[in-house]
Amino acid sequence: QVQLVESGGGLVQPGGSLRLSCAASGSKFSNYAMAWYRQAPGKQRELVARITSGSSTNYADSVKGRFTISRDNAKNTVYLQMNSLKPDDTAVYYCFASPERVLAASRWGQGTLVTVSS
């Protein structure tokens, strides 16, 4: 099982930026598609961004042009660069790994809280 640890969350003012990191261990990172989900208060968990093992990406419409997902396979880490943050971006952000090249289990990280507020 791949193990995921998120970091980089915190309090930021509207219009500010944060970079989230998700460090993976325990499995071959390059075999996994990686994604960031978020769950805001009173809402279901939703997909924010995804990057495949081949580094193709997709984003939720609400974050296109503001967020960028990337991965560094040498460091076993996926990132979410978040710019022009809005109060509606406030949520717990979760890293998610899903296998693409091998038969293995998907895995969630524990989450990191992002609060966008003045």
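The values are calculated or read from the model by the stated rules, or taken from the named source; none is laboratory data. It should be emphasised that the depicted structure is a prediction, and the values quoted were computed from it without experimental measurement. Backbone-built Cβ (ideal geometry, glycine too); neighbour counts: all protein chains shown. SASA here: full protein model, heavy atoms, side chains in, ligands and nucleic acids out. Shrake-Rupley method; radii C 1.70, N 1.55, O 1.52, S 1.80 Å.
The table below lists the values:
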| quantity | calculated |
| --- | --- |
| Relative contact order, percent, the chain [alpha-carbon distance under 8 Å, six or more residues apart] | 37 |
| Cβ-Cβ FRET estimate between VAL102 and GLN81, R0 fixed at 30 Å, reported to 0.05 | 0.60 |
| Share of carbon and sulfur in the accessible heavy-atom surface of the chain [1.4 Å probe, %] | 46 |
| From phi via Karplus (6.51, -1.76, 1.60), per-residue ³J(HN,Hα) for the stretch 6-14 in Hz, x at Gly/Pro | 8, 7, x, x, x, 9, 9, 7, x |
| Local electrostatic count at LEU20 - Lys and Arg +1, Asp and Glu -1, tallied over other residues with Cβ under 15 Å | +3 |
| Whole-number accessible area per residue in Å² for the chain, which is evaluated in the context of all protein chains at 1.4 Å | 51 |
| Order of exposure, largest accessible area first, which applies to GLU46, GLU100, GLU6 with probe 1.4 Å | GLU100, GLU46, GLU6 |
| Fraction of alpha-carbon pairs over 16 Å apart in the chain - percent | 56 |
| Karplus (6.51, -1.76, 1.60) ³J(HN,Hα), θ = phi - 60°, over the stretch 74-91, in Hz, Gly and Pro reported as x | 5, 9, 6, 9, 10, 10, 10, 8, 10, 10, 6, 5, 10, x, 5, 7, 4, 5 |
| The stretch 6-65: relative contact order as a whole-number percent, Cα under 8 Å and 6+ apart | 21 |
